[in-house]
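Okay, structure first, notes after.
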Amino acid sequence: MSLYRKYRPLTFASIAGQEHIKQTLENEIVRNELVHAYIFAGPRAVGKTTTARVFARALNCNIRKTKQSEPCNSCESCEAILQGRTLDIIEIDAASHTGVDNVRENIIAAARVANTMLRYKVFIIDEVHMLSTSAFNALLKLLEEPPSSVVFILATTELQKVPATIISRCQRFDFMRISPADMKARLTLIVEQEGKTLEESVYDDIIRLSDGCQRDAESLLGQILALHDKKIDAKLAALVLPHSNRQLIAQLLGAIASRNTSEAIKLVDSMIAEGVDIETVVNDSIEDLRSLLRFMSGAGDTVQEAQSTRATLEELSKKFSQQEVLTITDYFAQCLQDMRLFSHIQLPFEIAVVKSCLRS
Ligand SMILES: [Zn+2]
């Protein structure tokens, strides 16, 4: 079983991040102030479906006390939902069921049938933006007059493609990318439960590579933990992680900062010798320069930097002016374009690096 499935959060408390959403949903459960339709919008792999499932169990849990919001996950209802044994929880992937007939058969007809065992029948409709116009119209009619014991949770990565008429019928929640701190907390928990230890920089690498998507982070972690060693250091993790050039790039930017052309060229040569993918290095460099610029201008990011990255940014920010960072970003962006024209991609890269060292 994949790590993501094995550790799929069973309670609101164990879902990474999304504090404002969890709090609102839990309050609604405690106060019994449910609405009939919810829309969960946001990037992929940040917990929309997981939250929908926890919510569905909390609504239906038999032994949840009045002031509690978490499902027990062991009563008859919770178990039936967890094991997918109840007809009252209906998960539909709209991406493969786009047509109006599907909405009629799988949603409208099912909504009219009395619940078989649960208090609330819950429809979780994933990628809802994929529905056709006529399918949306049929769904809208149902949302306008929902049966009393039915709750709809629509999930989408592209809210702008969902008709405003549908959105206005739903309580809307905007899911965010998971912050490094929340991601780290969750990854640490899993590593501990697996009885392993991970070098600090490996966490940083996973967090950076997964870009706020919890599922991606856990899938990378799963591949790393599968290495079987109890203690996993950066060198071992590198066998699995997509090649990380971050340290090389930090060194390169350091050499550029001190206008050390020969050192910078040496670094380029060693990257080539190691078979590093140069286009990725240039892309990553541009991304790092962007972070640096944001850091220098004091603009916070929704996804804060991992600790080691932050230290690097701090150091580099002392060596560059913002104008210099802009100039170098231009050189690297130009280099990316030139690389697509030249067959010899090392040349544009070297030119960009030397121009950056010689900047005025
Ligand atoms: Zn329960």
Notebook entry, point to check: Just one of THR49, THR86, THR24 is polar (S, T, N, Q), surrounded by 15 or more Cβ atoms within 10 Å (Cβ to Cβ) and closer than 26 Å to THR157 by Cα; which is it?
Noted result: THR49
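Each row is one residue, and each column tells you yes or no for (1) of a type in the set (A, V, I, L, M, F, W, C); (2) at pLDDT below 95.
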| site | (1), (2) |
| --- | --- |
| THR11 | no, no |
| ILE21 | yes, no |
| THR24 | no, no |
| ILE29 | yes, no |
| LEU34 | yes, yes |
| ALA37 | yes, no |
| PHE40 | yes, no |
| VAL46 | yes, yes |
| ARG53 | no, no |
Next item on the list: Being more than 23 Å from THR50 (Cα to Cα) and open to solvent by 50 Å² or more (accessible area, probe 1.4 Å) is the filter here, so list the residues in region 117-150 that pass it.
Entry: THR133, SER134, ASN137, LYS141, GLU144, GLU145, SER148
Checklist line | Residue ID - farthest from the ligand (Cβ to nearest atom), chosen from residues in region 60-72 that are of a type in the set (S, T, N, Q) and open to solvent by less than 30 Å² (accessible area, probe 1.4 Å) | finding: SER69
Notebook entry, point to check: Just checking, how many residues over region 161-171 are touching a helix residue (DSSP H, G or I) at 6+ places or on another chain (Cβ under 8 Å) and open to solvent by 50 Å² or more (accessible area, probe 1.4 Å)?
Noted result: 3
Notebook entry, point to check: Do the conditions hold for GLU105, that is, is it open to solvent by 20 Å² or more (accessible area, probe 1.4 Å) and in a strand (DSSP E or B)?
Noted result: no
Margin query: Can you list the helices (runs of 4 or more DSSP H) lying wholly within region 249-360 that have 1 or more residues being among the aromatic types (Phe, Trp, Tyr) and open to solvent by less than 20 Å² (accessible area, probe 1.4 Å)?
Written below: 322-341, 346-357
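Please state which one of THR11, THR49 is at negative phi and assigned to a loop (DSSP other than H, G, I, E, B).
THR11
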Next item on the list: Determine, yes or no, whether ARG57 is in a loop (DSSP other than H, G, I, E, B) and within 12 Å of the ligand (Cβ to nearest atom).
Entry: no
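The values are calculated or read from the model by the stated rules, or taken from the named source; none is laboratory data. Everything quoted here is computed from the prediction, not taken from an experiment. Positions of Cβ are backbone-derived with ideal geometry, glycine not excepted, and every protein chain shown enters the neighbour counts. Heavy atoms of the whole protein, side chains included, go into the accessibility calculation; ligands, DNA and RNA do not. Shrake-Rupley method; radii C 1.70, N 1.55, O 1.52, S 1.80 Å.
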